[in-house]
Amino acid sequence: MNFGDTMKKIGILTSGGDCSGMNAAIRAAVRTSLGRNVCIVGVRKGYLGLLKSDFLPMDTKSVSGILQRGGTFLQSARCDAFKTAAGQRLALDNLAKEGIEGLVILGGDGSLQGALTLDRLGFPVIGIPASIDNDIPFTDMALGVDTALNNIIYAVDCIKDTASSHDRAFVIEVMGRNSGYLATISAIASGAEYAIVPEVEFDLAEICEQLRYRYQEGRSNAIIILAEGAGHAQTIADSIKHAIGFETRVTVLGHYQRGGAPSVFDRLLGSRLGKRAVELLLDGERGKMVGLSCHEIVATPLVEVVKGSKRPEDDMLRMAEVLGI
Ligand code: ADP
Ligand code: F6P
């Protein structure tokens, strides 16, 4: 007998950094579960909600009107207590008391580590990769990346207008934690002169030399996109000003990148991942992460997913270099 067939109630939570598209996944998961006559409960604020038994029974109306909203209507949190054996035991006890027999978990690499921990403790879980950093292996794109990129491009285009109006160089810091994916792709898509990323060593003197050469050619403004994990924006801006006398400014895009109405891509990806995650859980699969591979939704054991992290493809890193300066 397939254990999934016996499930009568499952749960879903969003953990770690929130991102646009999470609501689309929650909505699809709820409607897929109810469509198979299985109750589904929302867990508020990620793993913290498991420790506090912060459960929200949901019906099909609960997820109306959330598809187009950024963030997560179940809210999220970072919860160190869940990293402890006592925290995990309390979470399992609370799940059992609530009668929840399986969980769909949305989040980044840390949250997926948490999902693997539950799996190793014998609790059925399916993970959904949701992080703007796009540093999760075994999926071409994590949920929220496309919307974050569009947010960044919109901001860079705006900043380019003022940079060219004042002959200034801007260092624009984007998120990504230790990944340079957002910086690389947004540099290519915005036509920035430079992308500074953790994956590629950079020579500030050489960058200044190339900017000076541009300046002497009459190209009197420049955009440098800096991944937050690769350097200090003000230090880089001061070095450029010092080296070539360029007026420089720094803009840190911050959490603006994580919000906003999800793009079509993220609404569709969220819907597909949410639906498939519940189907796999109810069909007896466990300890896996759903992901996107060449337009197909695939499932990978969590133990493989947490082994590594994903870096931007070399040809993208090269393209940002070639198309920039
Ligand atoms: P993200 O999921 O966005 O990468 P974090 O790395 O902060 O964010 O992880 C989110 C939460 O996942 C943590 O606050 C913690 O509750 C849980 N978590 C992270 N790493 C582990 C781990 N190794 N074991 C158990 N739980 C973990
Ligand atoms: O992991 C997603 C992310 O947005 C990173 O890019 C960033 O470094 C971090 O989360 C910010 O975390 P917080 O929202 O806790 O400040």
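The values are calculated or read from the model by the stated rules, or taken from the named source; none is laboratory data. The structure presented is a predicted model; accordingly, all values stated were derived computationally and were not measured. Virtual Cβ from ideal backbone geometry, glycine too; neighbours counted across all protein chains shown.
Quick notes
- Extreme residue, farthest from ligand 2 (Cβ to nearest atom), among residues of segment 132-161 that are more than 9 Å from the chain's Cα centre (by Cα) and of a type in the set (Val, Ile, Thr): Ile159
- Residues that are of a type in the set (Asp, Glu) and more than 13 Å from ligand 1 (Cβ to nearest atom), drawn from segment 129-176: Asp140, Asp146, Asp157, Asp161, Asp167, Glu173
- The lone exception for Asn94 - which of (1) more than 16 Å from ligand 2 (Cβ to nearest atom); (2) touching a residue at least 60 places away in the same chain (Cβ under 8 Å); (3) closer than 16 Å to Ile12 by Cα it fails: (2)
- Answer residue from segment 300-314, given it is without any contact (Cβ under 8 Å) to a residue 60 or more places away in the chain and outside any loop (DSSP other than H, G, I, E, B) and is surrounded by the most Cβ atoms within 10 Å (Cβ to Cβ) among those: Pro301
- Criterion: within 25 Å of Glu285 (Cα to Cα), within 16 Å of ligand 1 (Cβ to nearest atom) and surrounded by fewer than 20 Cβ atoms within 10 Å (Cβ to Cβ) - qualifying residue of Asn94, Asn37: Asn94
- Taking each residue of segment 237-259 that is more than 19 Å from Cys208 (Cβ to Cβ) and of a type in the set (A, V, I, L, M) and looking for partners that are at pLDDT 95 or above and within 11 Å of ligand 2 (Cβ to nearest atom) with beta-carbon atoms closer than 6 Å, six or more apart or interchain, yields Val252/Glu173; Leu253/Val174.
- Residues being within 16 Å of ligand 2 (Cβ to nearest atom) and not in a strand (DSSP E or B) - total across segment 162-178: 4
- In the set Gly70, Gly46, Gly16, only one residue is buried (at least 16 other Cβ atoms within 10 Å of the Cβ), within 16 Å of ligand 2 (Cβ to nearest atom) and more than 21 Å from Leu118 (Cα to Cα); that residue is Gly70.
- Segment 226-236 - residue that is surrounded by fewer than 22 Cβ atoms within 10 Å (Cβ to Cβ) and more than 16 Å from ligand 2 (Cβ to nearest atom) and, of those, farthest from Asp203 (Cα to Cα): Gln234
- The lone criterion from (1) farther than 21 Å from Ala91 by Cα; (2) touching a helix residue (DSSP H, G or I) at 6+ places or on another chain (Cβ under 6 Å) left unmet by Gly16 is number (1).
- In segment 278-288, the residues that are in a loop (DSSP other than H, G, I, E, B) and either on the phi > 0 side of the Ramachandran plot or hydrophobic (A, V, I, L, M, F, W, C) (or both): Gly284, Gly287
- Residue in segment 6-15 that is hydrophobic (A, V, I, L, M, F, W, C), more than 25 Å from the chain's Cα centre (by Cα), modelled with pLDDT of 95 or more and in a loop (DSSP other than H, G, I, E, B) present: yes
- Within segment 244-277, the set of residues being within 16 Å of ligand 2 (Cβ to nearest atom) and assigned to a helix (DSSP H, G or I) comprises Gly254, His255, Tyr256, Gln257, Arg258, Asp266.
- Considering Ile100, Ile126, the condition of being of a type in the set (Val, Ile, Thr), under 25 Å from the mean Cα position of the chain (by Cα) and more than 10 Å from ligand 1 (Cβ to nearest atom) is satisfied by Ile126 alone.
- Among the criteria (1) surrounded by fewer than 24 Cβ atoms within 10 Å (Cβ to Cβ); (2) within 16 Å of ligand 2 (Cβ to nearest atom); (3) in contact (Cβ under 8 Å) with a residue 24 or more places away in the chain, the one Tyr181 does not fulfil is (1).
- Meets criteria (small (Gly, Ala, Ser), surrounded by 20 or more Cβ atoms within 10 Å (Cβ to Cβ) and either at pLDDT below 95 or away from ligand 1 (no atom under 16 Å from the Cβ) (or both)) for Ala195: yes
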